[in-house]
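What follows is a short report on a single structure.
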Ligand code: PLP
């Protein structure tokens, strides 16, 4: 008998799979479908996390799994990114750019969100010949050295110093922060809506001023929509709420339809500065993997064909109408992205744990541990929303 039969899988997970915290959720899921997860004991969970804004079209949408199977039967990895004409990449880049403003017409596919952030920072430095980067407090952009350098929380950055130089962390949404953007700034990088801060939207005025200040100083505006994209906020792209267009758009998470994929997207005029001097200055082996691109394109077609974005507002309102309780201090929302705020992490954690016991999977936010996370698939039904809200409210009474 092998070790897996002799030992509990959870023990093996703790022993052999590198751990990111002392308290992993540790659920053993054997199947996921739509908005429901099934554990090894047959227990069902309504998934309010959606893989952290990945499963926007639900888990294992048949159109996505069919596209994956079809691609697997044609080819997997064949050559490093950018050398061969790979139909899944080309088709997906076309689909994405067809649904973006005309200046976002060139897609560089990566493996992950953090890699998209890294690529965009390099592109901005290369294009502007400047080095300074302005990022924002409470922003999350990833865990690699470059993306860690720009995240907006010293607790997470400090242990890994020295990080990238010439970075300013500014106050998100404040007019004062815009004064820091000068002719020395290569780029400003902002989440269109801050996710890990607990779903924080800036004002339209601020976004417009930010756009103008970047334009007037020749600074590139990078908007990170790795969580906010693909309908999460109630529009296909978060920046559509603000009537602005970034110079570089970052996508990830839902981009791959459940497969690993990231992208930075810009105008060809900007993107072409990565093509030479040095040639091959930004390369990746697996970026834009054909299976990931096939899955992502299928998921995006589902999002569009099934008009999922149009259903977001009423589902957001349903959650909002139900989530009323003396223990709930506030509910911040941006589409099907909600942060329910309690008085402390301890209160929140108690409610999260009780919800999981009751078959509702939820979580907290990295920079807002007192807030309970709701970022389900956009196909979640009204019945599932009512059930989830009833259980959250029941556990608020604990
Ligand atoms: N940017 C944002 C806004 C994110 O939420 C994340 C991940 O949570 C990232 C970047 C990093 O993406 P990845 O974990 O795929 O590297």
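The values are calculated or read from the model by the stated rules, or taken from the named source; none is laboratory data. Keep in mind that what you see is a predicted model, and the values were worked out from it rather than measured. Every residue, glycine among them, receives a Cβ derived from its backbone with ideal geometry; neighbour counts consider all protein chains shown.
Here are some notes:
- Any pair with Cβ under 7 angstrom, 6 or more apart, that starts in region 258-281 at a residue that is in the same structural domain as residue 125 (by TED's automatic domain parsing) and ends at one that is at pLDDT below 95 and assigned to a loop (DSSP other than H, G, I, E, B): 274/281
- Condition check for residue 68: free of Cβ contacts under 8 Å to residues at least 24 places away in the same chain and under 24 Å from the mean Cα position of the chain (by Cα): no
- Selected residue (only one of 120, 124 is touching a residue at least 12 places away in the same chain (Cβ under 8 Å), in contact with a strand residue (DSSP E or B) (Cβ under 6 Å, 6 or more places away or on another chain), away from the ligand (no atom under 12 Å from the Cβ) and part of a helix (DSSP H, G or I)): 124
- Residue 39 without any contact (Cβ under 8 Å) to a residue 40 or more places away in the chain and assigned by TED's automatic domain parsing to the domain that holds residue 143: no
- For residue 214: the one exception among (1) within 12 Å of the ligand (Cβ to nearest atom); (2) within 18 Å of residue 130 (Cα to Cα): (1)
- Taking first residues from region 215-236 that are modelled with pLDDT under 95 and partners that are more than 11 Å from the ligand (Cβ to nearest atom), no Cβ contact under 7 Å between residues at least 6 apart in sequence or on separate chains turns up.
- Of the strands (runs of 3 or more DSSP E) lying entirely inside region 216-322, those carrying at least 2 residues that are closer than 14 Å to residue 96 by Cα are 248-251, 262-266.
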